[in-house]
Amino acid sequence: MGNLLRLARILRVGLRFGLHEFVPGLAANPLLGLLGGGAGEARAARLRQALETLGPIFVKFGQVLSTRRDLLPADIAEELAKLQDRVPPFPSAGAVAEIERALGRRLEEAFASFEREPEASASVAQVHLATLPGGTEVAVKVLRPGVERQIARDVLLLEAAAGLLGRLWAEGRRLKPRAVVAEFARHLDDELDLMREASNASLLARNFQGSPLLAVPAVHWDYCSQRVMVMERMRGVPVSQVAQLRAAGVDIPALARAGVEIFFTQVFRDGFFHADMHPGNILVSTEEATRGRYIALDFGIMGTLTEVDKNYLAQNFLAFFNRDYRRVAQAHLEAGWAPPGTREDEFEAAIRAVCEPIFARPLKEISFGRLLVRLFQTSRRFRIEIQPQLVMLQKTLLNIEGLGRELDPDLDLWQTAKPYLERWMSEQVGVRALLRTIRREAPYWAQTLPALPRLAHRLLAEDRVGALQRALEALAREQARRNDLVSALLLVTLALLAAAAALAL
């Protein structure tokens, strides 16, 4: 019942703001025109107001859309950009009450000064500027009152919609809508815990310590809680203000290239990346000593990748940049994402047909939105499974493209990223990677190897391993019947060593 009421509210808000005109076939419906509102207001403003009315999840959707100026009419893109940091704030009295409750003391005792007018307001929280008793300038982030309940209701609606999609649409199982919603909900839960966000900021700062490319605000842990986060105040110009950055002497093409390097460093070196990189969350320093350095803000949504994910992605990216579409097809098959029986040559040809037209073109002539649509159609044809853990990375890639398009439409994305990936791959599969693995595993083997003979003797002496011994003997007899005694002895020896090592755990 709750989901039906929420769905009814979405429909009511859509009619109230006259959003039916965005739906093909409904725009000219006279009945909906009479029921709808928003007469006299621009369609873009009505869309933004509807998303703000519907709540945080819908605001985030608008934030993602605002970065895709190649896919949206200019008026809508400009209006949705206001959602990045100009969401209507909640009353300052509510923010003060939340901060005092979190800190357990009055505002005047915690801060030497506090600006009650928010500096920025977003879908989940808003930020106030303040000064600590020692004179340190800080930014105070506080969650919106009741935001957890509102997001929980929206997530329930998304889960219900995902279940319905899986049952009613033939493609539903392959797209894993429930898993995708669960992944999105997990990241939203993380964003509602500001202590987790503070730890994300701390890790990202450590990863880029001393880097000339990216600065991350320091966290003041004594002032942080689940609903309040206090961090170093950062000064800079929003990355979307290109004219202002150029006037301040920032090298815009170099800034675009640095953005690509930061992204690939986060993904492939660290497996930990900022997954909410819309322009409202990124500043650029214009100070003399750090001019052109990116400043990251808002660490509520961070993506993580396993070593398996990183290697898979690196192989695909590098093969893609080298136009080695056969390797792209093989990587999908080896990862098990393509179903058994998929013809490698057909899959390769389909990928080539999608990707080949975009090479040797500057970013301004490439639409990754349309490219993703064609890739999606190809994956549907070959029944490729959607990987929920990569949803946040896909979203971040779209944000990066939007930023790159605004900064330097002539950026050669392929030539900028390819050397970095080649260097990273050589570190992963070369001699240096082997030496790193040996150093990492050396302490374990230093303890285990001297004990292997004793452990093997103990294992064989215990009656409880009789079944294992009989199985090994049967294996040896089978190999002997094949006139391969050497292989039998080798298998038995390896099995004993493995069993002894397992006993040591």
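The values are calculated or read from the model by the stated rules, or taken from the named source; none is laboratory data. None of these values were measured; they are calculated from a predicted model. Counting neighbours? That spans all protein chains shown, and the Cβs are built from the backbone with ideal geometry, glycine included.
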Residue selected from segment 304-356 under the condition in contact with a helix residue (DSSP H, G or I) (Cβ under 6 Å, 6 or more places away or on another chain) and among the acidic types (Asp, Glu), by the criterion farthest from residue 197 (Cα to Cα): 344
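Determine, yes or no, whether residue 296 is crowded, with 20+ Cβ neighbours inside 10 Å and at pLDDT below 80.
no
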Inter-residue pairs, beta-carbon under 7 Å, first part of a helix (DSSP H, G or I) and in segment 201-216, second acidic (Asp, Glu), 6+ apart: 207/270
Strands (runs of 3 or more DSSP E) fully within segment 220-312 counting 1 or more residues that are within 16 Å of the chain's Cα centre (by Cα): 272-274, 282-284, 294-296, 302-304
Segment 247-288: number of residues that are surrounded by 22 or more Cβ atoms within 10 Å (Cβ to Cβ) and on the phi > 0 side of the Ramachandran plot: 0
Residue, farthest from residue 62 (Cα to Cα), within segment 111-124, restricted to residues that are modelled with pLDDT under 95 and of a type in the set (A, V, I, L, M): 120
Residue, farthest from residue 283 (Cα to Cα), within segment 96-115, restricted to residues that are touching a Leu at 6+ places or on another chain (Cβ under 9 Å), surrounded by fewer than 16 Cβ atoms within 10 Å (Cβ to Cβ) and of a type outside the set (S, T, N, Q): 109
Some residue of segment 370-379 being among the small types (Gly, Ala, Ser) and modelled with pLDDT of 65 or more: yes
For residue 31: the one exception among (1) modelled with pLDDT of 75 or more; (2) exposed (fewer than 13 other Cβ atoms within 10 Å of the Cβ): (1)
